[in-house]
1. Please pick out the residue among Cys75, Cys38 that is touching a strand residue (DSSP E or B) at 6+ places or on another chain (Cβ under 6 Å) and either touching a residue at least 40 places away in the same chain (Cβ under 8 Å) or open to solvent by 10 Å² or more (accessible area, probe 1.4 Å) (or both).
2. Mind checking whether some residue in segment 161-183 is under 28 Å from Ala258 (Cα atoms) and of a type outside the set (Ser, Thr, Tyr)?
3. Residues to consider are Phe232, Phe218; find the one that is farther than 17 Å from Leu141 by Cβ and more than 22 Å from the chain's Cα centre (by Cα).
4. Please count how many residues of segment 155-177 are open to solvent by less than 50 Å² (accessible area, probe 1.4 Å) and within 15 Å of Val219 (Cα to Cα).
5. Let me spell it out: the conditions are (1) touching a residue at least 40 places away in the same chain (Cβ under 8 Å); (2) more than 14 Å from the chain's Cα centre (by Cα), and Arg93 meets all of them except one. Which number is the exception?
6. Among (1) part of a helix (DSSP H, G or I); (2) touching a Phe, Trp or Tyr at 6+ places or on another chain (Cβ under 8 Å); (3) open to solvent by less than 10 Å² (accessible area, probe 1.4 Å), where does Cys14 come up short?
7. In segment 190-206, is there at least one residue being open to solvent by 10 Å² or more (accessible area, probe 1.4 Å) and either free of Cβ contacts under 8 Å to residues at least 24 places away in the same chain or not assigned by TED's automatic domain parsing to the domain that holds Gln143 (or both)?
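The values are calculated or read from the model by the stated rules, or taken from the named source; none is laboratory data. The shown structure was predicted, so the numbers you read here are calculated from the model rather than taken from an experiment. Note that each Cβ is placed from the backbone with ideal geometry, even for glycine, and that neighbours are counted across all protein chains shown. Note: accessible area is taken over every heavy atom of the protein model, side chains too, but ligands, DNA and RNA are not part of it. Shrake-Rupley method; radii C 1.70, N 1.55, O 1.52, S 1.80 Å.
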Amino acid sequence: MLFRREKKLGIIGCGAIGTEIACAVDNGDINVILEACCDTDKSKYHLLVSKLKKTKPALLDMEKLIKKCDLVVECAQKAAVTDIFKLAIKYNRDIVFLSAGGVLENMDLVEQARSKLINVYVPSGAVVGIDGLDAAKYRGLKQVTLITRKPPKAFKGVKYLEDKGINPDEIVTETVIFDGTAREAVIGFPANINVAATLSIAGIGPDATRVKIIADPFVSTNKHELIVEGDFGRFRAITENFPSPNNPKTSYLTSLSAIVLIKKIVEPLHIGT
Ligand SMILES: NC(=O)c1ccc[n+]([C@@H]2O[C@H](COP(=O)([O-])OP(=O)(O)OC[C@H]3O[C@@H](n4cnc5c(N)ncnc54)[C@H](O)[C@@H]3O)[C@@H](O)[C@H]2O)c1
């Protein structure tokens, strides 16, 4: 039986989130051994390692990493989730997925993992309120709505808007650019995919979860308002995200959330739902 602090951690994806997790291990903030990292772009691995002071994880390919580590963190991209998930099931490894949209597309693999007693974790990421949603789901959860508000420039190049003839540069007042289900939102707005997917998995599923997206020229942060109604009552949780110092497209809270989730997995004190 392993002692908790001896768990070997493997990181797939050496970008903003992977690097922030690796630095947290290197600083001694997470009691695991950073055994290996993997990235399709080797220069990203070398950049990550250059930021570490005490640790030198090995560079392994995806399968070797999963075979060697007790706990694997995916912080790569949605398209990588299926392969990683299948390998984690093959080698019986616990896994943390940051690309929540990929998990939503692989709910059949969640069932396979369950039957093999593999733990699959999806951190709260860029949105707060998952603890309340989780508790509300136990009895009488009725409605989950996400209202996302971002500056118009955040929607540049979004095909859904191009198809509708909407040019984000021309939006000068607060404008609702999408109102529909989470399933439709993750298809139309890939950059919004993880928050909508995480809420769908945690709550009432992608077809019942409502999503409204607003382009607002008067905001500078990415703002998520989560409204949950059920037998417990009602709550509204608002997150105003600053970008990660390492990737302007990723909210900094996502890395912090992943780091704390891994800490929870390996430490005995668990606070919150
Ligand atoms: N859950 C959330 O709320 C949330 C929030 C933000 C980002 N994310 C997701 O987390 C993931 C990582 O985000 P990031 O900001 O660190 O991205 P990033 O672009 O900074 O880093 C991703 C890294 O993964 C590598 N990579 C891509 N495909 C790979 C593969 N198949 N195998 C190995 N490496 C691969 C890339 O080369 C890159 O170095 C993304 O999928 C992103 O959408 C989730």
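1. Going through Cys75, Cys38 in turn, the sole match is Cys38.
2. Yes, that holds for at least one residue.
3. Phe218
4. From segment 155-177, those open to solvent by less than 50 Å² (accessible area, probe 1.4 Å) are 155, 158, 161, 168, 171, 175, 177; that's our starting set.
From the residues that got through so far, the ones that are within 15 Å of Val219 (Cα to Cα) too are 155, 168, 171, 175.
Selection size over segment 155-177: 4.
5. Failing condition for Arg93: (1).
6. (1)
7. Within segment 190-206, one or more residues are open to solvent by 10 Å² or more (accessible area, probe 1.4 Å) and either free of Cβ contacts under 8 Å to residues at least 24 places away in the same chain or not assigned by TED's automatic domain parsing to the domain that holds Gln143 (or both).
Every residue, every condition in (1) farther than 30 Å from Ala215 by Cα; (2) touching a strand residue (DSSP E or B) at 6+ places or on another chain (Cβ under 9 Å), yes or no:
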residue: Met107; (1), (2): yes, no
residue: Tyr138; (1), (2): yes, no
residue: Pro152; (1), (2): no, yes
residue: Gly157; (1), (2): no, no
